[in-house]
1. Under 8 Å for C-alpha pairs, at least 6 residues apart: give me the relative contact order for region 50-167, rounded to a whole percent.
2. Starting with the fewest neighbours, write out VAL33, VAL89, VAL120 ranked by other beta-carbon atoms found within 10 Å of each beta-carbon.
3. Just order 21-32, 152-163 by mean Cβ neighbour count inside 10 Å, highest at the front, would you?
4. Return the label of the correct value of volume of the Cα convex hull per residue in Å³, as calculated from the structure shown, out of (1) 109; (2) 230; (3) 141.
5. Just add up the charged neighbours of GLY116: K/R +1, D/E -1, any other residue whose Cβ is under 13 Å from the Cβ of GLY116.
6. With each pseudo-label sitting 7 Å past Cα toward Cβ, what's the GLU22-LEU6 distance in nm, one decimal?
7. For the chain, what proportion of DSSP beta bridges, expressed in % and rounded to the nearest 5, is antiparallel?
8. Give the peptides 122-133, 64-75, 103-114 in descending order of average Cβ contacts within 10 Å, highest first.
Amino acid sequence: MDFLDLVKTRYSVRSYEQKEIESSKLDYIMECVRLAPSAVNYQPWKFAIITEPERLAALKTAYSREWIQTAPCIIVACADHTQSWHRKVDNKDHADVDLSIAIEHLCLAAAEQGLGTCWVCNFDVDTCRKVMQLPSHIEPIALIPIGYPSEQAIPEKKRKTLEEIML
């Protein structure tokens, strides 16, 4: 599959099979994440793969949508603000930008492996911090439910036209 086909194939999955993800696939995905570019190559990110049932259930309470209950795994994507590059002109912290690139590597690598993901940013950060026991300089940016899409998953993708996004 070429890159454009991969990008067209990937969609936000909101219904998962109750099937364990092979560790070889998770290792492959995380290797793709590890190789993502970042400002000044600082790689200001930390990721946690959550599959243990008790911890996974606790983490799911950080997001109130029912569909997340079907996810057999959640990858927590965090920014390490002590490791991020700051633009000198205005001190802009690039941790979120860098982490976004790494998360998209994660989502595309998962799609290539036949897995579905959904980028969740609207979650209770305090609950996530407590479940993950994160220090103050590590900020949870996104929860990425991951697994095999169920038959109920709807591969819907609405996008603006090219003309609408060009200046």
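1. 34 percent
2. VAL89, VAL120, VAL33
3. In descending order of packing, they fall as 21-32, 152-163.
4. Identified label for the calculated read-out: (3).
5. Overall, the nearby charge balance is +1.
6. My value for the distance between the label points is 1.8 nm.
7. Roughly 95 percent of the DSSP beta bridges within the chain come out antiparallel.
8. My ranking of the peptides, most packed first, is 103-114, 64-75, 122-133.
Readers should treat all values here as calculations from the given coordinates under stated rules, not as data from a laboratory. As the structure is a computational prediction, the values presented were derived from the model and not from experiment. Neighbour counts are summed over all protein chains in view; Cβ atoms, including those assigned to glycine, are modelled from backbone coordinates with ideal geometry.
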